[in-house]
Amino acid sequence: MNLVSKQSLIAAALVGVLSLAVGAASAQIKLDRTVLPIQEPKRPTYSELDARKAKAPPRFEVKAPKEAPNVVIVLIDDIGFGGPSTFGGPIRTPTMDRLAQSGLRFNNFHTTALCSPTRNALKTGRNHHTTNTGSIMETATAFPGNTGQIPNSVAPLAEMLRLNGYSTGAFGKWHETAAWETSVSGPYDRWPTHQGFDKFYGFIGGETDQWYPLIYDGVIKVDPPKMKDYHFTVDMTDQAINWVKAQQSMTPDKPFFVYYATGAVHAPHHVPKAWADKYKGRFDKGWDQVRNETLERQKKLGVVPANTRLGDRPKDLKAWDSLPADQRRLFARQAEVFAGFLEQTDHEIGRFVKALEDIGELDNTLFIYIAGDNGTSAEGGFVGMYNEMTYFNGVAEKVEDLIPLIDKWGGPETFPHMAAGWAVAFDTPFSWTKQVASDFGGTRNGTVIHWPKGIKEKGGLRAQFSHVIDVAPTILEAAGLPQPKSVNGTVQTPIEGTSMLYTFNNAKAAERHKTQYFEMFGNRVIYDEGWLARTIHRAPWQTSNLQPLTSDVWDLYDVRNDFSLTRNLAAEQPEKLKQMQALFMKEAEKYHVLPIDDRTIERTNAALAGRPDVLGNRTSLTLYEGMQGMLENTFMNIKNRSSKITAELDIPAGGANGAILSQGGRFGGWSLYMKDGKPAYVYNFLGLARYTIAAPQALPTGPATVMLDFAYDGGGVGKGGKATLYVNGKPVADGRVEKTQPNIFSADETADVGIDNQTPVALGIGIGAETRFTGKINKVTLEVSSLKGGP
């Protein structure tokens with residue numbers, strides 16, 4: 001044997017010995033997983049000079065418990081119990097059907113009735129007020145339970161799993177970052193990659209344009225990839241598939257946690273026409289008949305008891321047969337688009353499931369598919385909306401204006417929402433919808449759990465009461481992990497949910513989650529061991545003139561015998577009702593629900609809500625080229641006041657074109673820009689009207705100062721004003737802006753210097769990169785009048 005061979009044998013033997021030593025050492029170390037991050041062992045010291053004569057200690061590496069499953073949470077947005085075919089609905093969801101057939105359906109699973117609260121409760125295992133998310137981020141207030149800032153004492157599940165050896169990735173919608181923490185100044189503590197996720201690809205707010213989304217990769221704004229017929233749900237699925245495949249390629253023994261949260265089917269209801277057309281004629285029968293047929297299917301499937309009755313349609317909503325033909329035609333198309341949107345979403349989830357199968361990981365993946373973060377949304381009002389932003393600005397759209405848009409509904413030229421009658425239909429058998437935490441139509445969401453290695457029964461049904469806060473402890477128990485007492489140096493608020501694992505292989509197990517409160521914008525309820533007391537304080541379409549909270553009338557139900565809350569027992573059992581009301585107040589005080597704030601749209605104004613505002617009382621903001629992607633809650637508020645924009649420019653030979661400063665987009669906003677070398681200003685009122693003031697002459701080469709002065713009429717909110725355009729100190733054009741948006745321009749379109757991202761405010765200057773200013777912007781100063789004394 002030659003020297004090289006002998007050396008190779010010796011080296012191999014040493015590797016084997018060291019491997020055994022590492023394995024033995026790892027086996028001997030008992031990790032304390034209740035304190036995260038897990039503490040490293042004490043480092044040894046050495047007296048030996050020569051490393052070749054010393055033995056290195058085994059590598060310390062935190063690994064997930066042996067056989068710990070991969071975890072996937074799929075969360076669809078704004079779909080209720082009666083929408084998916086898996087729970088008897090009229091909309092095909094074949095992926096969910098398939099997972100249910102080889103897994104379990106949960107027909108008594110509940111959310112919080114609104115998106116941000118559900119998401120934080122889901123990913124922490126604590127009640128939404130414990131996470132300071134009493135409502136959505138944009139309506140946070142100064143009161144504990146509603147501040148919008150997740151406490152350090154409420155560590156998210158993703159961080160628990162990451163610190164226990166999981167790879168973690170989030171894709172799609174976030175909507176869990178305080179509204180004033182979304183600027184370049186941060187802090188980034190409550191962004192996904194600081195909340196336990198190694199990877200994030202998606203949008204940070206409550207919704208986005210599916211055709212032209214606002215996307216972040218980590219904390220960096222990125223442009224959507226160039227692809228034919230781009231749609232965000234397809235894009236986020238590609239990203240999730242690519243990440244999982246790469247993660248398993250590199251570390252096949254390391255489990256992964258994927259949070260896959262679609263923007264669908266939240267408004268805007270954007271979907272390729274081919275998907276919507278699959279439902280042509282399917283909803284011509286109307287929402288009343290759809291409700292009746294859905295309930296019959298639900299009974300046949302066994303997802304509701306045979307004695308279930310249909311909840312009453314809210315009195316404000318009209319019977320389908322009472323509607324004129326043109327309205328029925330419009331509303332039927334709205335439902336076709338919504339249904340196509342949901343089926344397309346389920347198809348994309350199917351692509352992700354297929355990818356897990358392809359790499360052999362589906363069997364040991366705890367796959368939790370939740371159809372809705374709340375009930376279906378009724379925020380479309382009585383006739384639906386071409387532009388959802390009209391809802392947030394108190395503008396009622398008219399049927400006669402919507403009918404000409406039927407063929408465009410769901411495409412890039414609309415930002416649509418459907419009529420509220422469909423929301424009730426897709427929440428069958430219940431009466432109410434999203435925002436109504438005091439009805440199962442707002443909180444009960446069909447859920448499927450699939451885990452071949454952990455669930456023996458195939459196609460089973462579980463009827464024990466469960467809540468979104470139960471998901472995190474379920475996952476921890478399935479992974480063999482304890483609930484941590486301390487995370488990143490902060491003692492933790494104990495998890496408030498109850499693991500659902502006890503139901504997985506025992507359909508008749510006694511219910512363990514026995515008491516649960518619900519509250520959203522004054523709608524409130526208490527569940528306790530089969531009894532439910534509730535009050536409907538406001539409908540989703542009610543935003544003003546609400547009755548006092550003390551005037552609310554409470555109902556009482558025995559949900560063990562009344563699945564759909566149709567038999568009010570308040571008059572028969574007044575003492576039980578009083579007992580339940582007292583229990584609600586006890587739980588409300590315990591979990592920081594009090595005091596209750598029933599305001600909705602008013603709370604989008606930081607000053608009225610009392611939450612922090614990045615710019616505070618400043619009346620001047622200097623902006624520079626390259627500043628873009630500024631969300632509305634971190635930009636100067638120009639609404640309901642006078643303002644002035646002064647841009648110092650350098651105009652190149654041949655003139656300049658493009659956006660100078662813009663806010664909003666195609667469906668509402670304003671822009672100072674140049675076209676054909678001429679400066680211009682446009683105010684886009686909700687996509688319904690545009691007011692343009694343009695200079696008659698192109699600017700010459702060289703330095704130039706362009707200024708737009710807007711003098712607000714005053715006398716209330718949403719009023720008009722006079723806009724005057726100046727060049728180098730001289731007025732060159734003026735005109736009227738007849739009305740302005742009082743509350744919000746957009747949930748996802750941003751303010752940008754030197755470009756108009758996503759969709760453009762002004763017509764005829766292109767889209768996206770095409771709107772980039774071709775001259776040089778030295779600086780732009782935005783000034784606003786004081787709001788003292790009101791607008």
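The values are calculated or read from the model by the stated rules, or taken from the named source; none is laboratory data. Keep in mind the model is a prediction, meaning the values are calculated, not measured. Positions of Cβ are generated from backbone atoms using ideal geometry, with glycine treated the same way; all protein chains shown enter the neighbour counts. Accessible surface areas use protein heavy atoms only, side chains included; no ligands, DNA or RNA. Shrake-Rupley method; radii C 1.70, N 1.55, O 1.52, S 1.80 Å.
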Task: Selected residue (criterion: nearest to residue 131 (Cα to Cα)) from residues of segment 544-593 that are touching a Gly at 6+ places or on another chain (Cβ under 8 Å) and hydrophobic (A, V, I, L, M, F, W, C) - done: 593
Open item on the list: Please verify whether residue 536 is under 18 Å from residue 444 (Cα atoms), of a type in the set (A, V, I, L, M) and either open to solvent by 30 Å² or more (accessible area, probe 1.4 Å) or without any contact (Cβ under 8 Å) to a residue 24 or more places away in the chain (or both), treating the condition exactly as stated.
Closed with: yes
Task: Listing of helices (runs of 4 or more DSSP H) fully contained in segment 416-485 that carry 1 or more residues being within 30 Å of residue 320 (Cα to Cα) - done: 420-425, 440-443
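Condition first: buried (at least 23 other Cβ atoms within 10 Å of the Cβ) and part of a loop (DSSP other than H, G, I, E, B). Now tell me which residues in segment 665-677 satisfy that. Walk me through how you get there before you give the answer.
Residues of segment 665-677 that are buried (at least 23 other Cβ atoms within 10 Å of the Cβ), as a first pass: 665-674.
If the condition is that a residue be buried (at least 23 other Cβ atoms within 10 Å of the Cβ) and part of a loop (DSSP other than H, G, I, E, B), then 666, 667 are the ones that fit.
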- [ ] Can you confirm whether segment 549-557 contains a residue that is outside any loop (DSSP other than H, G, I, E, B), free of Cβ contacts under 8 Å to residues at least 12 places away in the same chain and over 30 Å from residue 782 (Cα atoms)?
- [x] yes
Task: Condition check for residue 335: surrounded by fewer than 21 Cβ atoms within 10 Å (Cβ to Cβ), among the small types (Gly, Ala, Ser) and part of a helix (DSSP H, G or I) - done: no
- [ ] Take the residues in segment 338-359 that are of a type in the set (Gly, Ala, Ser) and surrounded by fewer than 22 Cβ atoms within 10 Å (Cβ to Cβ), then tell me which one is nearest to the chain's Cα centre (by Cα).
- [x] 350
TODO: State which residue is modelled with the lowest pLDDT when the search covers only segment 44-63 and only residues that are among the basic types (Lys, Arg) and closer than 19 Å to residue 164 by Cα.
DONE: 59
Open item on the list: Can you find, within segment 464-505, the residue that is farthest from residue 258 (Cα to Cα) among those that are surrounded by fewer than 17 Cβ atoms within 10 Å (Cβ to Cβ) and small (Gly, Ala, Ser)?
Closed with: 489
Task: Options 680, 689, 711; residue that is of a type in the set (Gly, Ala, Ser) and buried (at least 18 other Cβ atoms within 10 Å of the Cβ) - done: 680
Open item on the list: Here's a check for you: in segment 286-326, which residue that is within 31 Å of the chain's Cα centre (by Cα) and among the acidic types (Asp, Glu) is nearest to residue 91 (Cα to Cα)?
Closed with: 293
Open item on the list: Quick check on segment 268-285. Is at least one of its residues touching a residue at least 24 places away in the same chain (Cβ under 8 Å), open to solvent by less than 60 Å² (accessible area, probe 1.4 Å), of a type outside the set (Asp, Glu) and touching a Lys or Arg at 6+ places or on another chain (Cβ under 7 Å)?
Closed with: no
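Look at residue 38 and say whether it is in contact with a helix residue (DSSP H, G or I) (Cβ under 9 Å, 6 or more places away or on another chain) and at pLDDT 90 or above. Break it down into steps so the answer makes sense when it comes.
Details: in contact with a helix residue (DSSP H, G or I) (Cβ under 9 Å, 6 or more places away or on another chain): no; at pLDDT 90 or above: yes.
No, not satisfied.
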Open item on the list: Which of the helices (runs of 4 or more DSSP H) found entirely inside segment 64-175 contain at least 2 residues meeting this: among the small types (Gly, Ala, Ser), in contact with a strand residue (DSSP E or B) (Cβ under 8 Å, 6 or more places away or on another chain) and at positive phi?
Closed with: none
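Could you please find all residues in segment 725-749 being touching a Leu at 6+ places or on another chain (Cβ under 6 Å) and open to solvent by 10 Å² or more (accessible area, probe 1.4 Å)? Explain how you work it out, then say what you get.
Keep residues of segment 725-749 that are touching a Leu at 6+ places or on another chain (Cβ under 6 Å), which gives 725, 732-733, 748.
Those that are touching a Leu at 6+ places or on another chain (Cβ under 6 Å) and open to solvent by 10 Å² or more (accessible area, probe 1.4 Å): 732, 733.
Take segment 382-415 and flag every residue that is in a loop (DSSP other than H, G, I, E, B) and surrounded by 18 or more Cβ atoms within 10 Å (Cβ to Cβ). Steps first, please.
Residues of segment 382-415 in a loop (DSSP other than H, G, I, E, B): 382-384, 386, 388, 393-398, 409-414.
Result: 383, 384, 386, 388, 393, 395, 397, 409, 410, 414.
Examine segment 371-381 for a residue that is open to solvent by 10 Å² or more (accessible area, probe 1.4 Å), within 30 Å of residue 685 (Cα to Cα) and β-branched (Val, Ile, Thr), and state whether such a residue exists.
Of the residues in segment 371-381, the ones open to solvent by 10 Å² or more (accessible area, probe 1.4 Å) are 379, 381.
Next, only the ones that are within 30 Å of residue 685 (Cα to Cα) stay: 379, 381.
In the following step, the residues that additionally are β-branched (Val, Ile, Thr) were identified as none.
Scanning segment 371-381, I find no residue that is open to solvent by 10 Å² or more (accessible area, probe 1.4 Å), within 30 Å of residue 685 (Cα to Cα) and β-branched (Val, Ile, Thr), so the answer is no.
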TODO: Return the only residue of 354, 318, 280 being of a type in the set (Lys, Arg) and under 30 Å from residue 568 (Cα atoms).
DONE: 318
- [ ] Among residues belonging to segment 188-243 that are β-branched (Val, Ile, Thr) and closer than 24 Å to residue 354 by Cα, point out the one that is surrounded by the fewest Cβ atoms within 10 Å (Cβ to Cβ).
- [x] 234
- [ ] Residue by residue through segment 244-267, note down the ones that are crowded, with 24+ Cβ neighbours inside 10 Å, out of contact with any strand residue (DSSP E or B) (no Cβ under 8 Å at 6 or more places or on another chain) and of a type in the set (Gly, Ala, Ser).
- [x] 264
TODO: Within segment 135-158, identify whether any single residue is of a type in the set (A, V, I, L, M, F, W, C), modelled with pLDDT of 95 or more and more than 23 Å from the chain's Cα centre (by Cα), and answer yes or no.
DONE: no
TODO: With the checklist (1) farther than 30 Å from residue 223 by Cα; (2) in a loop (DSSP other than H, G, I, E, B); (3) touching a helix residue (DSSP H, G or I) at 6+ places or on another chain (Cβ under 7 Å) in hand, flag the one item residue 614 doesn't pass.
DONE: (1)
Open item on the list: Pairs needed: first member in segment 704-719, in a loop (DSSP other than H, G, I, E, B); second member anywhere, open to solvent by less than 40 Å² (accessible area, probe 1.4 Å); C-beta distance under 6 Å; at least 6 residues apart or different chains.
Closed with: 713/720; 713/721; 717/640; 717/742; 718/740; 718/742
Open item on the list: Please go through segment 291-326 and give me each residue that is under 27 Å from residue 402 (Cβ atoms), open to solvent by 40 Å² or more (accessible area, probe 1.4 Å) and either in a helix (DSSP H, G or I) or in contact with a Pro (Cβ under 6 Å, 6 or more places away or on another chain) (or both), ordered by number.
Closed with: 292, 293, 321, 322, 325, 326
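Does residue 622 fit the bill of being in contact with a Ser or Thr (Cβ under 6 Å, 6 or more places away or on another chain), open to solvent by less than 20 Å² (accessible area, probe 1.4 Å) and at pLDDT 90 or above?
On the way: in contact with a Ser or Thr (Cβ under 6 Å, 6 or more places away or on another chain): yes; open to solvent by less than 20 Å² (accessible area, probe 1.4 Å): no; at pLDDT 90 or above: yes.
It is false that residue 622 is in contact with a Ser or Thr (Cβ under 6 Å, 6 or more places away or on another chain), open to solvent by less than 20 Å² (accessible area, probe 1.4 Å) and at pLDDT 90 or above.
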Task: Candidate set from segment 639-664 (those that are part of a loop (DSSP other than H, G, I, E, B) and out of contact with any Lys or Arg (no Cβ under 8 Å at 6 or more places or on another chain)); member that is surrounded by the fewest Cβ atoms within 10 Å (Cβ to Cβ) - done: 653
Open item on the list: Six or more apart or on different chains, Cβ atoms under 9 Å: show the pairs whose first residue is in segment 154-169 and touching a residue at least 60 places away in the same chain (Cβ under 8 Å) and among the polar types (S, T, N, Q) and whose second is part of a strand (DSSP E or B) and open to solvent by 10 Å² or more (accessible area, probe 1.4 Å).
Closed with: 167/199; 168/199
TODO: Hey, can you tell me all the residues within segment 651-684 that are among the basic types (Lys, Arg) and farther than 29 Å from residue 386 by Cβ?
DONE: 678
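Among the residues of segment 629-638, is any under 16 Å from residue 775 (Cα atoms) and open to solvent by 30 Å² or more (accessible area, probe 1.4 Å)?
Narrowing segment 629-638 to residues under 16 Å from residue 775 (Cα atoms): none.
Within segment 629-638 (the criterion being under 16 Å from residue 775 (Cα atoms) and open to solvent by 30 Å² or more (accessible area, probe 1.4 Å)), the answer is no, since none of the residues qualifies.
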